[in-house]
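*Asks:* Below are the structure tokens for one structure; questions will follow.
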Amino acid sequence: MRSTPFLLSTLLALTLLSPRTAHAAAPPFPESAGKLAATSCLEPPLSSGGIPRTREYLDTVVRCMNKSWSAYFSGTGVRFERPGVRYAEQGSVCGVPVADVDALYCHDAKTLVFSLTGRWIEGRSDLYPFKVAAHEYAHHLQTLTGIRRSYEARYRAEAGARAELRRRFELQADCLAGVFMGSVRGSLGRTGEEWAALGEVVRGSGDGGEGRSHGKGVNRGRWFKRGLTTTSPAACDTWSAPAGKVS
């Protein structure tokens, strides 16, 4: 299963953040804002009668996230703005070939971009497409809060820190995806086995070798589960976590 990269054109290669650097980039999700409120999100089928309903599915998920996160940000002092949504089947978007990704967030346009084809979405009945959408939406939240701006400044200034810095960024998105999915878990009508299967898929989407961008599978699974079980954005502070938790 491919991971869901965030603008590969601007985020390349990568090694270690010092604890000082990581702590300085702490994310602005205050404890005082509390948890993401439990809400209802009725997940439609991805296909009906053999006819794909991909856009309807993703549009529904995005609407649910808009509702939940706008309510959360009303208590943080951060101005909420809905992301744009774009669907693509070929060509390039934001300088990224659509064929190379499942989905991405175009930060300049503040737009979520979803491919309508590929194993990530076609013929699926599990929760993985929901998680992919929530992960990319989390990058929108990072843009709204200034986390991305801080991240990019560090990325430019500290060439030796780029690998771990990017992983902290991506693992935070995994955690925030879990936060949202945990907040609507009661309304999705999924079984415990289906949630366990999603955890396995997330752990199976880790990367290895040099230049890892999203983290090992065990860490992707750990941060996603942390968000899922706490439903607290403040719990997604990957920036001050020990290096071993973001490897």
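Values in this text are rule-based calculations from the coordinates and carry no lab data. Model, not experiment: these values are computed from the prediction. So basically every Cβ, Gly included, is an ideal-geometry build from the backbone, and we count neighbours across all protein chains shown.
*Asks:* Along the principal axes of its C-alpha atoms, what lengths does the chain span, in descending order and rounded to whole Å?
*Replies:* Its Cα atoms span 54, 41, 34 Å along the three principal axes.
*Asks:* Additional query: Which value in nm describes the separation of the simple spin-label points at F80 and A99, placed 7 Å from the Cα toward the beta carbon?
*Replies:* Taking the two extended label points, one gets 4.0 nm.
*Asks:* Would you calculate, for the chain, the mean residue ellipticity at 222 nm contributed by helices, counting each DSSP H stretch of 4 or more residues as -39,500 (n - 2.57) and dividing by all residues, to the nearest 500?
*Replies:* Values: 7 runs with 103 residues, N = 247.
It lands at -13500 deg cm²/dmol.
*Asks:* Taking every eigenvalue of the Cα gyration tensor of region 50-163, multiplying by 5 and rooting it, what semi-axes result, largest first, whole Å?
*Replies:* Computed over region 50-163, the values are 26, 20, 12 Å.
*Asks:* Using 10 Å bins from zero, what percent of all Cα-Cα pairs in region 26-116 falls into each bin?
*Replies:* 14, 36, 33, 15, 2
*Asks:* Over the Cα atoms of region 129-199, what is the Rg over Rh ratio if Rh follows Kirkwood?
*Replies:* Here the Rg-to-Rh quotient is 1.10.
*Asks:* OK, next. Order of 67-76, 86-95 by packing, highest average Cβ count within 10 Å first?
*Replies:* 67-76, 86-95
*Asks:* Still on this structure, I have one more. Hey, for a label at K35 modelled as a point 7 Å past Cα toward Cβ, could you say which residues of region 153-192 have their backbone N under 16 Å away?
*Replies:* Counting backbone N atoms under 16 Å from the label point, the list is 176-188.
*Asks:* What's the extension gain from Y87 to S48 if we count 0.36 nm per residue and subtract their Cα-Cα distance?
*Replies:* So the chain would gain 12.1 nm between Y87 and S48.
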